[in-house]
Amino acid sequence: AGESVPAGQRTLLAGLATALVVSGLVRLALAGPAGRCNAWLLGLYLFAPLLATWLGALSRPIFNERYLVAALPGFCLLAAAAVMPATVRGRHAGWQLVPRALPAVFLAGLMALSLSALARYYDDPVYSKTRGWRALAAVLARYTASYPAETVRVAQTYPDPTLWYYYTGSAPHLVLPPAAHDAAGADAEAARLAAQGVERVVVAVQTTAAWDAHGVAAAALAKHYDLTGETPVAGWRVQVYEQPPRVLASFEATFAAGLRLTSVHVPARHLTAGDVMRIYLRWEGPASALRGSEKLTLQLLDAQGRLVAQTDRPFGAADLSAPMTASTLMLPRFLLPGSYRLILALYDPGQPGAPRLLTAAGADHVELAAQLTAADALPQPTRTVSHAP
C-alpha cells in the first residue's frame, strides 16, 4: 500500500491484509501434504523479510518501506492462494466453497485502498520523493560555492545517503556525529576539521531521536566554529559554521576621538547569491570616547555605489576590549554578476540626523574589501536567520 496511506486507513488495510494471509495459509494447509509444504514456504517467504526489516530498524530505521518489498512476492502468492480454486480433501471439503468469496471481498477492498494510495503517490506533491531534497541540495551548494573544496565541508546529522544523490557540489561530506549519539566521536571529528584548516562547515540538521537527539553535532562544532546563520528548508535546518581566523590582517583606520580599527578579516572574495558573510574586526581606543548610542554599519556596494546588502549593530565599549568582534552580512538571493566592495562606517543615531563619525582623513567610511566578485545568482525561496556574534 505504500507510505501514502492516510493514518485512518492503515488499521483497515492491515486487517484486510492479515485476513488474506490467514485465508491463504489455511487453504494451503487443508490441501494435503504438498499444500502444507507450500504454506510453510510462503509463510517464511513473507515473514522472514518482515522480521529482518524490523530487526534492522531497531538500530537504523531508514528505508524501511523499501526493504519490505522483499516480502511482497510471498504476500501476493498467499493472497492468490486465498482466492484461487484449491483441492481440499476429507472432512474439510466444505472450506473449498464458502471461504473463497470472503477472501475475494478482502482482496477487492485491499486493491481499492491500494489504488487510492497509488493515486496520491503520483499526484499529491506531499508524497513526492524529491520534495525538499532538491531544495536542500541547492541551499547546501549555495553556502559552499564561495569556498575552495579543501576549506569547506558539508555535514549531515543523520546518515541518510539520499542527500548525496541530490547534492553534487565539490565540497567533501561527512556524517556528524559519526555514530549514533557519539559525542566523543563528534568532538574528535570537529577538532580534526579545524586542524585541517576547514573554514566553513555547512550542516543539514535532521532532528531524529535515533541518531542525534541532543544536539551532539552542534555542541562539537561550537567548540571550534561560530554559528553564522540558519536556514529552514523543508524538514531540515541548514546551519553555517565559520571558523574564527587565527590571524587578522592588519588594517589602519582612525575615527574621531581616537577610535582605531586595527585588524580586519573578510573570508570570501567570491560572492554567491543568498550566502552569508562573516566579517571579523579588531578595535582599539578609549571607551570614554563613546556616548553609548553609536552603531556600526557594514555595507556591500556594487560597482555604481548602490547599496546591495547591509547589517547594523550597536558599537560599544565591549568592541574596544574584545580580541575580535564578528558581524554577519546576509547577501540577497538575487545578486547580479559583477564587482562589489565592502565598506564600514560608525554613526550615532542618538544625535539628530544620525551623523557618521569621520575618520582622521575626513571620510565618513572606510573600505574593507574591494574587487569582490559575484557570478550567476542561485536564488532559493528560503528564509535565513542570522545569529549575533
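The values are calculated or read from the model by the stated rules, or taken from the named source; none is laboratory data. In this text, all values refer to a predicted model and were calculated from it rather than measured experimentally. Neighbour counts are summed over all protein chains in view; Cβ atoms, including those assigned to glycine, are modelled from backbone coordinates with ideal geometry. Side chains are part of the model used for accessible areas, which takes the heavy atoms of the whole protein and leaves out ligands, DNA and RNA. Shrake-Rupley method; radii C 1.70, N 1.55, O 1.52, S 1.80 Å.
Could you tell me which numbered condition Gly197 fails, if it satisfies all but one of (1) at positive phi; (2) in contact with a strand residue (DSSP E or B) (Cβ under 7 Å, 6 or more places away or on another chain)?
(2)
Sort out which residues of region 276-298 are touching a helix residue (DSSP H, G or I) at 6+ places or on another chain (Cβ under 6 Å) and either in a strand (DSSP E or B) or among the hydroxyl-bearing types (Ser, Thr, Tyr) (or both), and write them in order of number.
Trp283
If Leu193 meets every condition in (1) open to solvent by 30 Å² or more (accessible area, probe 1.4 Å); (2) touching a helix residue (DSSP H, G or I) at 6+ places or on another chain (Cβ under 9 Å); (3) part of a helix (DSSP H, G or I) apart from one, which number is that one?
Every listed condition holds for Leu193 apart from (1).
Just a yes or no: is a residue in region 235-245 among the aliphatic types (A, V, I, L, M), out of contact with any His (no Cβ under 7 Å at 6 or more places or on another chain) and outside any strand (DSSP E or B)? Give the steps one after another, and end with the answer.
Just the residues of region 235-245 that are among the aliphatic types (A, V, I, L, M), to begin with: 238, 240.
Pick out the ones that are also out of contact with any His (no Cβ under 7 Å at 6 or more places or on another chain) and you get 238, 240.
If we keep only those that are outside any strand (DSSP E or B) as well, we get none.
Checked against the condition, which is being among the aliphatic types (A, V, I, L, M), out of contact with any His (no Cβ under 7 Å at 6 or more places or on another chain) and outside any strand (DSSP E or B), region 235-245 yields no hits at all.
Would you call Glu284 modelled with pLDDT of 90 or more and open to solvent by less than 10 Å² (accessible area, probe 1.4 Å)? Reasoning before the result, please.
Values: modelled with pLDDT of 90 or more: yes; open to solvent by less than 10 Å² (accessible area, probe 1.4 Å): no.
Against the criterion (modelled with pLDDT of 90 or more and open to solvent by less than 10 Å² (accessible area, probe 1.4 Å)), Glu284 does not qualify.
I need a count of the residues in region 206-229 that are touching a Ser or Thr at 6+ places or on another chain (Cβ under 7 Å) and assigned to a strand (DSSP E or B).
Step one: list which residues in region 206-229 are touching a Ser or Thr at 6+ places or on another chain (Cβ under 7 Å), which gives 206, 211-212, 217, 228-229.
Right, trim to assigned to a strand (DSSP E or B) and you get 228-229.
Residues in region 206-229 being touching a Ser or Thr at 6+ places or on another chain (Cβ under 7 Å) and assigned to a strand (DSSP E or B): 2 in total.
Of Leu301, Leu271, which residue is at negative phi, in contact (Cβ under 8 Å) with a residue 60 or more places away in the chain and not hydroxyl-bearing (Ser, Thr, Tyr)? Walk me through it before giving the result.
Numbers: Leu301 fails: in contact (Cβ under 8 Å) with a residue 60 or more places away in the chain.
Exactly one of Leu301, Leu271 is at negative phi, in contact (Cβ under 8 Å) with a residue 60 or more places away in the chain and not hydroxyl-bearing (Ser, Thr, Tyr), namely Leu271.
Which members of region 254-268 meet the condition of being under 14 Å from Arg200 (Cβ atoms) and either open to solvent by 50 Å² or more (accessible area, probe 1.4 Å) or modelled with pLDDT of 90 or more (or both)? Show your work before the answer.
Taking region 254-268 and keeping what is under 14 Å from Arg200 (Cβ atoms), we get 265-268.
Across region 254-268, the qualifying residue is only His265.
Can you find, within region 337-353, the residue that is modelled with the lowest pLDDT among those that are surrounded by 13 or more Cβ atoms within 10 Å (Cβ to Cβ) and either on the phi > 0 side of the Ramachandran plot or of a type in the set (Lys, Arg) (or both)?
Gly338
Conditions (1) part of a loop (DSSP other than H, G, I, E, B); (2) within 30 Å of Asp212 (Cβ to Cβ); (3) at pLDDT 90 or above; (4) of a type outside the set (D, E, K, R), marked per residue:
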residue	(1), (2), (3), (4)
Ala19	no, no, yes, yes
Leu50	no, yes, yes, yes
Gly56	no, yes, no, yes
Ala80	no, no, yes, yes
Leu102	no, no, no, yes
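Do any residues in region 51-75 that are open to solvent by 60 Å² or more (accessible area, probe 1.4 Å) have Cβ atoms under 6 Å from those of residues that are among the aromatic types (Phe, Trp, Tyr) and part of a helix (DSSP H, G or I), where the two are at least six apart or on different chains, and which pairs are they?
none
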